[in-house]
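What follows is one structure encoded as structure tokens, with my remarks underneath.
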Amino acid sequence: MPAARARLRVVAATVALTAAVAGCSNSESAPQKRPHNGSGTASDVNGLQQLTVTTGADLRFHPSTLVVHPGRVEIILKNVVKGGSGGPPHNLLVNGLPGAFVPLTAAGDVGKVTFTAGAPGRYRFVCTIHVQQGQTGTLVIEPRS
């Protein structure tokens with residue numbers, strides 16, 4: 001009987017160790033692992049730099065890198081619906097640039113903001129609702145050549 005108890009303890013310890021290791025191997029949810037991709041450069045529309053960013057149920061911005069120059073910028077945020085089902089609302093906040101905030105935009109709607117891009121640099125933008133799920137991007141302000 002003591003040998004059977006010893007084997008049972010070894011099996012229980014092995015199962016517990018296997019479960020612990022498996023639990024540590026994938027601590028992030030699927031949306032946090034999705035890549036950020038795409039880069040977009042502003043188009044001049046009557047002296048206003050304009051960019052369109054789409055988002056949706058994937059909790060990503062497309063494109064996730066926006067390139068502008070100092071001056072007036074308009075960001076248009078389209079919350080797209082794919083497959084006929086609605087998705088979550090989104091917003092877009094550029095950290096470090098006053099007034100650069102697209103308010104809450106429901107699935108299927110469009111929001112926009114116009115602001116002044118100042119000093120060249122890199123600025124992080126986020127969906128304040130889904131930043132923990134990794135919905136972020138980068139606004140790059142390049143000097144005029």
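The values are calculated or read from the model by the stated rules, or taken from the named source; none is laboratory data. In this text, all values refer to a predicted model and were calculated from it rather than measured experimentally. Methodologically, a virtual Cβ is constructed for each residue, glycine included, from the backbone with ideal geometry; neighbour enumeration extends over all protein chains shown.
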- Please specify each residue of region 106-125 satisfying the condition of being touching a Ser or Thr at 6+ places or on another chain (Cβ under 8 Å) and under 13 Å from LEU66 (Cβ atoms). ARG122, TYR123, ARG124, PHE125
- Message: If I go through region 16-73 residue by residue, how many of them are of a type in the set (A, V, I, L, M) and modelled with pLDDT of 90 or more?
- Response: 11
- Please list, ordered by first then second residue, the pairs with beta carbon atoms under 7 Å, 6 or more apart or interchain, first in region 83-104 and under 20 Å from GLN132 (Cα atoms) and modelled with pLDDT of 95 or more, second among the small types (Gly, Ala, Ser) and part of a strand (DSSP E or B). VAL102/GLY111; PRO103/GLY111
- Message: Tell me which strands (runs of 3 or more DSSP E) are completely within region 41-145 and hold 3 or more residues being of a type outside the set (Gly, Ala, Ser), or say none if there are none.
- Response: 48-55, 65-68, 71-79, 90-94, 101-105, 110-117, 121-126, 136-141
- Query: Could we say that VAL131 is in contact (Cβ under 8 Å) with a residue 24 or more places away in the chain and among the aliphatic types (A, V, I, L, M) here?
  - Reply: no
- Item | Hits in region 98-133 - residues which are touching a His at 6+ places or on another chain (Cβ under 8 Å) and within 12 Å of LEU59 (Cβ to Cβ) | CYS127, ILE129, HIS130
- Report yes if THR136 is under 20 Å from SER39 (Cα atoms) and more than 13 Å from the chain's Cα centre (by Cα), otherwise no. no
- Task: Go through VAL102, VAL67, VAL113 for me and flag whichever is among the aliphatic types (A, V, I, L, M) and under 16 Å from the mean Cα position of the chain (by Cα).
- Result: VAL102
